[in-house]
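Enquirer: Mind having a look at this structure? Questions to follow.
Bear in mind that the values in this text are calculations on the coordinates, not laboratory data. None of these values were measured; they are calculated from a predicted model. Every residue, glycine among them, receives a Cβ derived from its backbone with ideal geometry; neighbour counts consider all protein chains shown.
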Amino acid sequence: MLALRANDRDRDALRPVAFTRNYLKSPFGSCYVTFGDTRVICAASIEESAPSWLKGSGTGWVTAEYAMLPASGAKRSRREITGQKGRTHEIQRLIARSLRSVVDLSILGEITVTVDCDVIQADGGTRTASICGAWLALNDALAAWKNAGKLRADPVFGQVAAVSVGAVDGRVLLDLDYREDSRAEIDMNLVMNAKGEFIEVQGTGERATFDRSRLDELLDCGTKGLYELLAAQRAVLE
């Protein structure tokens, strides 16, 4: 018998998603994002200096850092004090790549924008929730920087959203929670811009192989969710 999804969600339905902009007082841009029971605080800070390899180029940089609170999951995890885990490096590089894909770095001038994504509660999809909230925090930070007369034009030329999709008990499901993700035969994370172009496709056969038709089904299901997330981002901006 196939297990029911939490809250009787349809297989192609997102969890309840919410974005709260300007969640923190100090950063130029911030966003509190919830995907079901996953909760992430994203904050965009700006430093008026570029990384050493960009000195004298007139070009800026966008980067990201990601962390999970020790008590964010069911079992306490150790703080990454002496060195970051490989998973942490992978996720923060994914977030940064996703953001840079929609920013004209030459317009920034020699500044560094760092978007911190801190998971305060984890129930699956922390990286995808982080990307969605990080884009809103980044967009607000650079809008504030431009309004302060620091930029000649808007460097953000597009939107970015991300979602997970996978196969559990043979069914393709959108936006997996932890219970589903831990049992998934196929696990995939998708990052897409508002033009419908993919920025990243991370797919793995965890417990099963998959053919082209199943891949198309996963991409179609994920794309539906991505368009809904892009619309939700636009709604909070309006």
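Enquirer: Within the chain, what is the number of lysine pairs with alpha carbons under 23 Å apart, leaving out pairs fewer than eight places apart on the same chain? It would help to have the intermediate numbers written out before the result.
Expert: On the way: Lys25/Lys146; Lys25/Lys150; Lys55/Lys146; Lys55/Lys150; Lys75/Lys85; Lys195/Lys224.
Value for the chain: 6.
Enquirer: Here's something else I'd like to know. Find, among the GluC sites (Glu not before Pro) in the range 1-104, those assigned to loop by DSSP (not H, G, I, E, B) with at most 16 other beta-carbon atoms within 10 angstrom.
Expert: In loop regions of the range 1-104 (DSSP not H, G, I, E or B), the sparsely surrounded GluC sites (Glu not before Pro) are Glu48, Glu80.
Enquirer: Could you tell me the center-to-center distance, by alpha carbons, between the range 106-160 and the range 175-218 in angstrom?
Expert: 25 Å
Enquirer: Given the rule -39500 (n - 2.57) for each run of at least 4 DSSP H residues, summed and divided by the residues of the chain, what is its mean residue ellipticity at 222 nm, to the nearest 500 deg cm²/dmol?
Expert: Computed ellipticity for the chain at 222 nm equals -9500 deg cm²/dmol.
Enquirer: Go through the range 1-64 and name the trypsin sites (Lys or Arg not before Pro) that are in a DSSP coil and have 11 or fewer other Cβ atoms within 10 Å of their Cβ.
Expert: Those satisfying the criteria are Lys25, Lys55.
Enquirer: Expressed as cubic angstrom per residue, what is the convex hull volume of the alpha carbon set of the range 11-237? List each step's numbers first, then the result.
Expert: Working: hull volume 29.7 nm³, N = 227.
Here the figure is 131 Å³ per residue.
Enquirer: Give a quick list of trypsin sites (Lys or Arg not before Pro) in the range 82-135 that DSSP marks as loop, anything other than H, G, I, E or B, with at most 16 other Cβ atoms within 10 Å.
Expert: Those that pass, being in a loop and sparsely packed, are Lys85.
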